[in-house]
Every structure is written in structure tokens, then in C-alpha cells.
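Scroll down for the structure; my scribbles are underneath it.
The values are calculated or read from the model by the stated rules, or taken from the named source; none is laboratory data. Since we're looking at a predicted model, the values are computed, not measured. Ideal geometry is used to build each Cβ from the backbone, glycine not excepted, and the neighbour counts take in all protein chains shown. Heads up: the accessible areas ignore ligands, DNA and RNA and are worked out on the full protein's heavy atoms, side chains in. Shrake-Rupley method; radii C 1.70, N 1.55, O 1.52, S 1.80 Å.
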Amino acid sequence: MLIETNNEEKPAVSAKANTVVPKPQAKKRVFSGVQPTGNIHLGNYLGAIRNWVNAQAEFDNIFCIVDLHAITLPIDPKELHTNTRKLAALYLACGLDTHYCKLFVQSHVHQHAEMSWILNCFTPMGWLNRMTQFKSKAESDLDSVDTGLYCYPVLMACDILLYQTHYVPVGDDQRQHLELTRDIAQRFNSTYKQNVFTIPEAQIREMGARIMSLDDPTKKMSKSESNPNSRISLLDDPKTIKQKVARATTDSQRLIAFDPERPGITNLLTIYQTLTRQSQQEIEQEFAGKGYGDFKAALTERLVEALTPIQQRYNELISDLPTLESILKQGADEVRPIAEATLQQVKQVIGLLQYPQNGS
């Protein structure tokens, strides 16, 4: 017997006149995964994590530290181990609440790797050849690049599809991978004429969704950029933040205004707007007649004010590793049955034999 794909609960029947009492609709599920490489920066926080925190009570949230993705490129084992715990502590310090979220490490749930092999067998190479991120990371060294980097998008699809995800918070740079995930799910469902996988949708925020590099505002802020002055890390101290903001690229004009033709000052203003939640007009009026020095001082103050409580909470969490490990274990234990149910259904649909149960 195939596992049921419809998880909606049937309405209860009231004892009074046999009236049907509808049960509350289940929350839609959100899934997101981040690699434990580099330092989480302001762009990650303002463009993603803070939005997750603000909306976490509205959804059934699953957040994954994707350490299997991290080994698609060379990484020191000790660094990988340390960064995984560091990222978990930062997630929690930023406000993710385990009452609303399940937080776990990808490699602790083996169904991700097992499903990845299965879906690799259903993904045309032509689809993977179109992935722009693979091309940019592999550059001209296509003959020696690892297969894992090539198949990275399929593993990402498995991360999402295992949990019958409805929404995936993504930036513009991940849209293509989510479209591939949808294509794989639709192809699989169509091949076997069953709604095995939920087709996920992108969840994209507008304001602050794209924070740019401080030294090159034409590029997105990135934790892989070699120049540390290009980003503000969540654990930067006030002195470092002040120095980075002071060095941030602007232009030779004095007018402090949002202007697409002036990417440097517009990027800094976008950061300020995302922190203060003011309108563009309110911000421009606030700094009318003032110079870059005044504005950068105010931006620094806002940044320190926002990051100080995160850093304090992070230090508490990272100094208590047993508790942190317990939280990650609990998260893995909670999501594993969801992943296993999807994997078992996929196996049954494609004809893989299952272990006999109840002596049969």
C-alpha cells in the first residue's frame, strides 16, 4: 500500500445535531538551508534570517545547516565542525525559536543523501548544465571539478522536497535552483502520475532582500569574498563596524538620497532603511543638508545597536556546547520521520523493495 500524500485532517463531527466542526488548517511549511562556511554577515541577517524570525509563528519552519553541501568544495574538517556549531548558535541568537522551528544538521538525517542518489537518476544532465552557479564556481576548470559540485542542485532539491515544503525563502541568486527543484518534482510526479512531491514556491522579500558589498556595491554582499571589508559580519565588534562603514564606497556627491545610479550610497541607505523600517522619504528628510560623515555615524550606531544583543546571546550559546548539541539532536529527531515518510513513498513508487514488516 502506498503512503498517503494528503496530510489534511478530516473535520470532526459535533455531538450536537451531527454538525461538522472544521479543524484549524495546518500551517504551511517553510524550509531553508545555509552552508556552514565563512561568517554569517549583515546581508544574510537582513535579507533572510530576520525575516524568518519575524514570520516564524506563521509557518511550520524547518531550518537546516547544510554541511553536505559544504564539502562540495575543499574545506578543513575542523573548520567545518566549528562553523556548523557556530552557525547554529547564530541562528538561535538571531531569534529563531525552537517552539516554532526545527533546527538541525543535514548530515544527521541520512535521508538527504539517499534521496539525492534517487533524484540524480531522474535529473537530465542538460538541466544541470544550465546552472549558472556551477559554471561560476567551476570557472574554466571543468575537467577537474568534483562531481559533488555538479550535482549540488539536486541535493538542494532533495533538502526541500523531503519535507513536502510549500515555501522556500530565496534570494535572486537561488531562483534558478528553486526552479530546478520544481522541475524535478513535476517530472517525478508526472512520470508516476502521483502527487508524490509538493511543488514548492519561492518566498522573496522586497525591502532589504539584496544587501550589496561595501567595497563594490554592484555585487551582492558575500561571505566568500576575500576582502573582509566588503561585509559586516554579525560578530564584528563596534570598532570594526565603524571602520568598515567609514571605508564603504560612496561617491563624490554630497546629497544623501536613494538613487539607482549611485549604488554605493543607495546600498548604505537600504541597510539603514531595513534596520529602522523608515520610508525612503523619511530617511532622506532626516539627512537633508548633512554629509556622509553624519550619515555613516548614524548607520554605525544603528548597526551596533542591532548586533550587540545578538552577539551577547551567541556568546552564551557557544559557551554551552552540550545544550547546543542537544538542540540540534532534537531538531534532527523531529524532522527525520517526515523525511523518512517521503523517502519510503518514493521508494515504493519507483519499485525499490522494502524490508518486510510484522514477520511478512
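Taking the Cα centre of the stretch 265-321 as origin, work out the dipole magnitude from +1 charges on Lys and Arg Cβ and -1 charges on Asp and Glu Cβ, in debye rounded to 20.
Numbers: 5 positive and 8 negative charges, 22 e Å.
It works out to roughly 100 debye.
Please compute the per residue accessible area over the chain with all protein chains in place, 1.4 Å probe, rounded to a whole number of Å².
Details: 18920 Å² over 360 residues.
On a per-residue basis, 53 Å².
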**Complete:** Within the stretch 176-288, pairs of Lys residues whose Cα atoms are less than 25 angstrom apart, provided they are eight or more positions apart or on distinct chains, add up to 9
**Item:** Using a Förster distance of 41 Å, the FRET efficiency for Ala57-Asn129 (Cβ separation, nearest 0.05)
**Value:** 0.50
**Asked** Tilt of helix 111-120 relative to the longest C-alpha principal axis of the chain, in degrees (0 to 90, nearest 10)?
**Response** 80 degrees
**Prompt:** Which angle between 0 and 90 degrees, to the nearest 10, do you get for helix 175-192 versus the longest principal axis of the chain when only C-alpha atoms count?
**Reply:** 10 degrees
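Excluding the sites themselves, what is the longest stretch of the chain that contains no GluC sites (Glu not before Pro) in a DSSP loop with at most 13 other C-beta atoms within 10 Å?
On the way: sites that count: Glu4, Glu8, Glu9, Glu139, Glu206, Glu261.
For GluC sites (Glu not before Pro) (loop position, at most 13 other Cβ atoms within 10 Å), the longest site-free span of the chain is 10-138.
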**Asked** Can you work out the base-10 log of I(q)/I(0) for the chain at q = 0.07, 0.10, 0.12 1/Å, using the Debye formula on its C-alpha atoms alone?
**Response** -0.36, -0.71, -0.97
**Item:** Contour minus Cα-Cα distance for Asp320 and Thr276 (0.36 nm per residue)
**Value:** 12.6 nm
**Estimated distance in nm for a label pair at Arg313 and Lys27, the labels positioned 7 Å out from Cα along Cα-to-Cβ** = 1.6 nm
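Compute the relative contact order of the stretch 211-269 as a whole-number percentage, counting only Cα pairs closer than 8 Å that sit 6 or more residues apart in sequence. Walk me through the numbers on the way to the answer.
Numbers: 70 pairs, mean separation 19.5, N = 59.
Computed value for the stretch 211-269: 33 percent relative contact order.
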**Request:** For the chain, give the magnitude of the charge dipole about the Cα centre (Cβ charges: +1 Lys/Arg, -1 Asp/Glu; no others), in debye to the nearest 20.
**Result:** 440 debye
**Prompt:** How many angstrom lie between the C-alpha centres of the stretch 84-103 and the stretch 299-360?
**Reply:** 9 Å
**Asked** Using alpha-carbon pairs under 8 Å, 6+ residues apart, how would you state the relative contact order of the chain in percent?
**Response** 21 percent
**Asked** Once both axes come from the Cα atoms, what is the angle between helix 263-276 and the longest principal axis of the chain, in degrees from 0 to 90, rounded to 10?
**Response** 70 degrees
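Computing the accessible area with a 1.4 Å probe over protein heavy atoms, can you report the carbon and sulfur percentage for the chain?
Values: 9610 of 18920 Å².
Within the chain, the accessible surface is 51 percent carbon and sulfur.
Could you work out [θ]222 nm for the chain from helices alone, using -39500 (n - 2.57) per DSSP H run of at least four and dividing by all its residues? Round to the nearest 500 deg cm²/dmol.
Values: 13 runs with 170 residues, N = 360.
So the helix-based figure for the chain works out to -15000 deg cm²/dmol.
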